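See below for the structure under consideration.
The values are calculated or read from the model by the stated rules, or taken from the named source; none is laboratory data. Source: prediction; values computed, not measured. Counting neighbours? That spans all protein chains shown, and the Cβs are built from the backbone with ideal geometry, glycine included. All accessible areas refer to the heavy atoms of the entire protein, side chains included, with ligands and DNA or RNA removed. Shrake-Rupley method; radii C 1.70, N 1.55, O 1.52, S 1.80 Å.
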Amino acid sequence: MNIRQIAYLAGVSVATVSRCINQPEKVSEETRNHIIGVMKRVDYIPNPSAKSLSTGYTKTILCVIPTLCNEFFNQLVEGSQAVLREADYKVLVFSTDSIEDFWRRVDQRSVDGMIISGSGFINSEELRMAKIQVPYVLIENMEQSESPKDVTYVYSDDYKGVQMALEYLYREGNRVFGVISTSDTYLVTERRRKAVYDFFMEKKDCRLCMVKAHYADLQDAYDACGHLMRLEERPTAIFAFNDMMAIAAMRYLVLHGIRVPEDMEIMGFDDNPVASFVLPSLSTVVAPNYQLGESAARLLLEKLRGNAESKSVLFPVELKLRETTRNNVKEYRDKL
């Protein structure tokens, strides 16, 4: 079945069917409904490649993320997809942490726009050179970067979130802290690490022990926790830069007879859906990941509709106290 056959069955010209598919606003409602009824009756689906050739638009958005192994990025994609689906856009997901891989594999002519998250990609010379030729929105705080000033982006206040978590653990009486950080190549790591250093610059009665692990490698975080536990002055609290690393660290603690939270308090960041299901359930900083994806998609749609004004949208974060912090164990369990 092709467009000529649809035109014959509907009793209209090929040009009218083409307008109905590509520019429906130029066809009367009665004619449009008649043609759509014919297409449904014969189960006709327009060829997207042909449609993009006639309109110049693919109705496809590319979501670029560094990994599929972290629920944070999956939530971003789901939020974006929910908004874009309503606007009749398809979403393609491209997972890469390499700018070279991106330029080798992505044909910008095949998409109308991009949503990009994962600052290993964002914090690159390629982006600053503005090689991206389609409208795009970043999920990252670009205030301190050297990227073009007309960038539109959404982000959560993770600097404040880190300080909130550390302040809570400090009020719990902890003075020796273990922090599991991530790779140096990410803007989010730089920002969260700065929040850590700024906090301990003010807390002269505290000691900080920071180790690194890959943000999506559970074994790496497990081993990092082991390093902290072998220190001569062992921490009494651990803060990890994401929930996955915190959960891996917690497994090390449990397997080595270190009670959580009695002997060691632990907090993560993101509020990964699994955080409330592990035992003990993980206290964390809640980042509105799904909402970040939704907001990025709405801003991209604005750009595609001709609004070129750059914007930045900040989402607040909050603490979610569960069973890995001492003073809230009974209160949390009573609510279950």
Review point. Based on what the data block shows, is Leu84 of a type outside the set (Lys, Arg), open to solvent by less than 70 Å² (accessible area, probe 1.4 Å) and modelled with pLDDT of 90 or more?
Key: yes
Check your understanding: Could you list, in sequence order, the residues of segment 87-103 that are charged (D, E, K, R) and either at pLDDT below 80 or touching a His at 6+ places or on another chain (Cβ under 6 Å) (or both)?
Key -> Asp97, Glu100, Asp101
Study note, to complete from the structure: Cβ pairs under 8 Å, 6+ apart or interchain, first in segment 35-54 and at pLDDT 55 or above, second of a type in the set (Gly, Ala, Ser) and surrounded by 14 or more Cβ atoms within 10 Å (Cβ to Cβ), ordered by first then second residue, are Ile35/Ala10; Val38/Ala10
Review point. Restricting attention to segment 258-300, which residues are touching a Lys or Arg at 6+ places or on another chain (Cβ under 7 Å) and among the small types (Gly, Ala, Ser)?
Key: Ser276, Ser281, Ser283
Exercise for review: Examine segment 254-264 for a residue that is out of contact with any strand residue (DSSP E or B) (no Cβ under 6 Å at 6 or more places or on another chain), among the acidic types (Asp, Glu) and open to solvent by 10 Å² or more (accessible area, probe 1.4 Å), and state whether such a residue exists.
Suggested key: yes
**Study point:** Failed condition for Cys206, given (1) within 25 Å of Ala287 (Cα to Cα); (2) surrounded by 15 or more Cβ atoms within 10 Å (Cβ to Cβ)
**Key:** (1)
**Study point:** strands (runs of 3 or more DSSP E) within segment 104-191 that include 3 or more residues open to solvent by less than 10 Å² (accessible area, probe 1.4 Å) and modelled with pLDDT of 75 or more
**Key:** 113-117, 176-181
Review point. With segment 275-327 as the region, which strands (runs of 3 or more DSSP E) entirely inside it contain at least 2 residues that are within 26 Å of Asp112 (Cα to Cα) and in contact (Cβ under 8 Å) with a residue 40 or more places away in the chain?
Key: 312-315
Review point. With Ile266, Ile180 as the choices, which residue is of a type in the set (Val, Ile, Thr) and under 22 Å from Pro66 (Cα atoms)?
Key: Ile180
Check your understanding: Which of (1) surrounded by fewer than 20 Cβ atoms within 10 Å (Cβ to Cβ); (2) outside any loop (DSSP other than H, G, I, E, B) is the odd one out, the single condition Ile247 does not satisfy?
Key -> (1)
Check your understanding: If you go through segment 215-241 one residue at a time, how many are modelled with pLDDT under 95 and surrounded by 16 or more Cβ atoms within 10 Å (Cβ to Cβ)?
Key -> 4
Point to revise | Test: Gly257 is on the phi > 0 side of the Ramachandran plot and either of a type in the set (Val, Ile, Thr) or not in a strand (DSSP E or B) (or both) | key: yes
Check your understanding: Has segment 192-215 got at least one residue that is free of Cβ contacts under 8 Å to residues at least 24 places away in the same chain, among the basic types (Lys, Arg), under 16 Å from Ala165 (Cβ atoms) and not in a loop (DSSP other than H, G, I, E, B)?
Key -> yes
